[in-house]
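Below is one structure; the comments refer to it alone.
The values are calculated or read from the model by the stated rules, or taken from the named source; none is laboratory data. What you see is a predicted model; the values in this text were computed from it and never measured. Cβ sites come from the backbone with ideal geometry, for glycine too, and all protein chains shown count toward neighbours.
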Amino acid sequence: MSFEIKSFIAKNGERFSQLYSSDDPWPLFYPTAFLVRSVRQSCTPSTQKVYLDAIKRLLEWAANNKIDLEVHFQRHVFLRPHEIDSLARHINAARRGKQGNTINEGKGNTYVGYVAKYLNWLANEVITDSNRPEVQDLINTQHRWLIDKLTKDGSKSAKVQKLIKKHLSEKAREQLEALWSNPFVNVVRPTDRGSRLRTVVMLRILYETGMRRGELLSLKLKHLLESTGGEGPQLVIERNHGDSFDTRINQPVAKTEGRIVPISPTLEKQLTEYIAEHRADVSGVGFDDEDFIFVTHRSKRRQGKPISISNFGQAVAGLRDLFPALDTIHAHLLRHDWNYRFSEAAAKAKVPPEKEAELRRILMGWSIESDMPGHYNHRHLQEDASRLGRKVACDTERRAPPSTEILAEARKLALVVADAK
């Protein structure tokens with residue numbers, strides 16, 4: 001027996017997914033009920049799909065081991081430790097590559113956590129006397145055994161340090177800047193010029209604004225605010241879940257708050273050139289405010305339709321193949337790099353830490369509760385502390401008291417730390 005996830009668009013624009021088995025034309029009852037009653041109201045369509053992917057792995061394992069989970073639970077038969085071990089291995093197994101390869105720890109932990117939540121729900125759903133203390137103990141023990149299979153992550157502090165240090169290599173930056181200046185380099189066929197300019201402009205938007213991939217792919221013609229009356233060009237980012245104008249089943253969405261972000265006049269010129277001279281020539285393209293800026297150029301079935309997440313990935317991969325300096329580039333790396341450059345600009349302008357965090361929060365679309373602005377701001381304190389520590393180390397080599405310069409810098413750093421708190 002095999003299983004398949006199918007995705008759909010409702011009439012109101014809502015995206016949803018269902019899980020099917022190979023021997024039944026109807027969606028599986030319990031996974032569907034779980035999603036509708038326990039997940040749908042609080043999770044995005046993409047997260048719901050991850051839940052189904054995790055449950056799909058669970059059902060594959062159960063089918064391979066001839067275990068009917070509903071019947072087992074109704075009989076008060078729960079998964080034993082060796083079965084939990086086997087299930088965890090199956091959940092974490094990579095579907096591609098060599099046998100024995102595993103998915104990354106973060107994804108594996110997500111799947112295990114979602115499977116544990118589903119099994120807990122399923123047991124309480126099908127057992128008629130699940131409220132009895134001894135039955136609840138059995139359900140909770142199974143849940144605990146599975147949760148114990150979560151891979152222990154490294155410290156949160158180490159993850160934050162790794163996050164805030166991510167940025168482009170100088171070779172990658174130089175290559176991107178060369179593409180800004182000459183987007184058509186190495187383009188042989190004239191018919192490829194439009195798609196090349198589209199991809200270069202998309203990467204430049206990510207570079208200049210730090211917006212997410214889903215926000216980029218959701219940009220519509222109405223979202224370009226051209227420069228006028230002394231006001232520079234800007235792009236509008238809107239929350240767009242369940243957009244009825246979007247024909248993509250796997251809809252790119254804005255995960256953060258809506259906002260308006262500035263772009264450079266040169267990018268505005270290239271974006272306008274793409275829209276007026278290249279996008280306009282694509283068959284089936286729309287010109288209304290609600291039509292998307294970036295479209296598919298050559299595929300007959302999707303020509304003129306908004307570019308999909310996978311096609312955007314393929315376009316970027318094509319640039320990586322042509323320009324080896326871009327071998328590590330991806331959309332989210334450009335978001336990290338924007339924050340890295342923003343930190344440098346804020347330091348050069350001597351922006352106070354609390355104001356820097358607020359400006360960063362606005363431009364990135366983070367909520368007021370988000371810890372992300374503080375994580376990136378902390379990089380300043382680390383670098384200042386490192387410089388001061390190095391001076392102290394060098395000073396002790398001379399076996400002399402701390403210099404007046406070091407003492408003054410230490411007092412300054414203490415004031416910055418106090419302000420940050």
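Taking the stated definitions as given, is residue 39 within 30 Å of residue 247 (Cβ to Cβ) and touching a residue at least 12 places away in the same chain (Cβ under 8 Å)?
Spelling it out, residue 39 is indeed within 30 Å of residue 247 (Cβ to Cβ) and touching a residue at least 12 places away in the same chain (Cβ under 8 Å).
Here's a check for you: in the range 211-230, which residue that is in contact with a strand residue (DSSP E or B) (Cβ under 8 Å, 6 or more places away or on another chain) and of a type outside the set (A, V, I, L, M, F, W, C) is surrounded by the fewest Cβ atoms within 10 Å (Cβ to Cβ)?
Filtering first and then ranking leaves 222.
Suppose we filter the range 215-225 for residues that are over 21 Å from residue 203 (Cβ atoms) and at pLDDT below 95; how many remain?
0
Outside the structural domain of residue 238 (by TED's automatic domain parsing) and modelled with pLDDT under 65: which single residue out of 399, 387 fits that description?
Being outside the structural domain of residue 238 (by TED's automatic domain parsing) and modelled with pLDDT under 65 holds for just one of 399, 387, which is 399.
Tally time: how many residues in the range 297-326 are more than 19 Å from the chain's Cα centre (by Cα) and in a loop (DSSP other than H, G, I, E, B)?
Here the count works out to 10.
Mind listing just one residue for me: the one in the range 354-384 that is modelled with pLDDT under 75 and of a type in the set (D, E, K, R) and, of those, surrounded by the fewest Cβ atoms within 10 Å (Cβ to Cβ)?
Top of the filtered list is 383.
Which of the residues that make up the range 153-175 are among the basic types (Lys, Arg) and either part of a helix (DSSP H, G or I) or modelled with pLDDT of 85 or more (or both)?
156, 159, 162, 171, 173, listed by residue number.
So that you can scan it fast, the table gives a plain yes or no per residue for (1) outside the structural domain of residue 23 (by TED's automatic domain parsing); (2) within 22 Å of residue 38 (Cβ to Cβ); (3) surrounded by 13 or more Cβ atoms within 10 Å (Cβ to Cβ); (4) free of Cβ contacts under 8 Å to residues at least 60 places away in the same chain:
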{"site": "69", "(1), (2), (3), (4)": "no, yes, yes, yes"}
{"site": "75", "(1), (2), (3), (4)": "no, no, no, yes"}
{"site": "131", "(1), (2), (3), (4)": "no, yes, no, yes"}
{"site": "138", "(1), (2), (3), (4)": "no, yes, yes, no"}
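In the range 325-353, which residues are loosely packed, with under 14 Cβ neighbours inside 10 Å and farther than 23 Å from residue 175 by Cβ?
348, 349, 350, 352, listed by residue number.
Could you say which residue among 38, 7, 42 is surrounded by fewer than 19 Cβ atoms within 10 Å (Cβ to Cβ) and part of a helix (DSSP H, G or I)?
38
Can you tell me which residue in the range 311-324 is surrounded by the fewest Cβ atoms within 10 Å (Cβ to Cβ), limited to those that are hydrophobic (A, V, I, L, M, F, W, C) and in contact (Cβ under 8 Å) with a residue 40 or more places away in the chain?
322
Just need a number here: residues in the range 181-210 that are in contact with a strand residue (DSSP E or B) (Cβ under 6 Å, 6 or more places away or on another chain) and basic (Lys, Arg).
0
Somewhere in the range 251-274, is a residue surrounded by fewer than 14 Cβ atoms within 10 Å (Cβ to Cβ), of a type in the set (S, T, N, Q) and modelled with pLDDT under 85?
Checked the range 251-274: no residue is surrounded by fewer than 14 Cβ atoms within 10 Å (Cβ to Cβ), of a type in the set (S, T, N, Q) and modelled with pLDDT under 85.
What's the total number of residues in the range 10-35 that are within 28 Å of residue 255 (Cα to Cα) and in a loop (DSSP other than H, G, I, E, B)?
Selection size over the range 10-35: 5.
Report, ordered by the first and then the second residue, all pairs with beta carbons closer than 8 Å, sequence separation of six or more or different chains, a first member in the range 276-294 that is part of a helix (DSSP H, G or I), and a second member that is buried (at least 16 other Cβ atoms within 10 Å of the Cβ) and aliphatic (A, V, I, L, M).
278/197; 279/285; 279/293; 279/295
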